[in-house]
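Peer 1: Take this structure, written in structure tokens, and hold onto it; I'll ask about it next.
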Amino acid sequence: MAPKKKGKGKGDKLARMTVEQRQQYLDRRAAQEAESNRRKEELVAGFLKLKLSDEGKKGVVNEAKLMTKWREVLREAKTTSLHTQLQELRQRVKETTDRQNTMIQLLANQVGRAQHQRTQAAHNHLAAVHRLAELHEDTSGSDCGKKRSPNHNNNNTLSSPELHEEHIGLLTGYVREREASMADTAATDTETLAATHLHHLRHHALITHAASRHHALTEKEELAAFHTTMTQITTQLEEEVTAARVEREGALEEAWDPTGSWSKRPRSTHHLTT
């Protein structure tokens, strides 16, 4: 017996059917194909959702990695900036300390000179007192000798109390003049030192204010740059995800046959069905 041909079985089956049976058979085949197409579409949609979910998770992980790397870069930049500011502040403190030490040394020298001047003034005062006492003794002795001589002229000489008062007045004027000179010198030195100290304080305050302002501006600029970079990175990631989604959809549309069958990539279809 000769073998039957494969192509004639289906034709003979349709030929043996009536019109109604043929129509029912064709409707049933169309329903089966529609159901198969629906299942394939659901399978493709599920696969696309899984891919998009996977891409979203990868995007979140990449964003976290970028955030961590960016924070490390910012931390290194901030550390370098703080180290530089610390070195500058240390140098300023050293300069201020040197100036203060110089001022203290100057004050100590001025105090030493003032003590030396006071000692010298006291020595001069004692010398003047001793000189006045010797002069008083000499005048007292000469007055006694003049009282003993009968031809003494009282109109051309001064008495001992008047001469004593004159010397006392000269000594008092000299002492007051020295005290006034020392007071003026001390006042001038005090005003100069106060002005210099006030100038240094203002200079130090200006330096501190400038340093704090520079630090605040630097921090604001770094924060603004961080936000700008994060916005750019987020926008780029969104664009990449959108492009990947469009590319996936285009590839799936190209792989999908309009008649309901897979014309390309049969291995992928088998992988999806399994």
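Every number here is computed from the coordinates shown, using simple stated rules; none is lab data. A quick note: this is a predicted structure, and the numbers were derived from the prediction, not measured. Every residue, glycine as well, gets a Cβ built from its backbone with ideal geometry; the counts of neighbours run over all protein chains shown.
Peer 1: Treat each spin label as a single point 7 Å out from the Cα along the C-beta direction, and report the Ala244 to Asn37 distance in nm.
Peer 2: 3.2 nm
Peer 1: Also, I was wondering about something else. So, R0 is 51 Å and r is the distance between the beta-carbons of Met17 and Ala45; what FRET efficiency does that work out to, to 0.05?
Peer 2: With R0 = 51 Å, the Cβ-Cβ based efficiency is 0.90.
Peer 1: Another question, then. State the extension gain, in nm to one decimal, for the chain segment bounded by Leu237 and Ile104, taking 0.36 nm per residue of separation less the distance between their alpha-carbons.
Peer 2: Once the chain is fully extended between Leu237 and Ile104, it gains 41.5 nm.
Peer 1: Pull out the extension gain between Ala30 and Thr208, defined as 0.36 nm times the separation in residues minus the alpha carbon to alpha carbon distance; nm, one decimal.
Peer 2: Result for the pair: 55.5 nm of gain on full extension.
Peer 1: Compare the Cα positions of Ala64, Gln23, Thr80 along the charge dipole of segment 1-113 (+1 at Cβ of Lys, Arg; -1 at Cβ of Asp, Glu; about the Cα centre) and return the one farthest towards the positive end.
Peer 2: Gln23
Peer 1: Describe numerically, in nm with one decimal, the distance between label points set 7 Å from Cα along Cα→Cβ at Asn124 and at Ala225.
Peer 2: A separation of 6.8 nm, rounded to one decimal place.
Peer 1: Please give the net charge around Met103, taking every other residue with its beta carbon less than 13 angstrom from that of Met103, where Lys and Arg add +1 and Asp and Glu add -1.
Peer 2: Here the count lands on -2.
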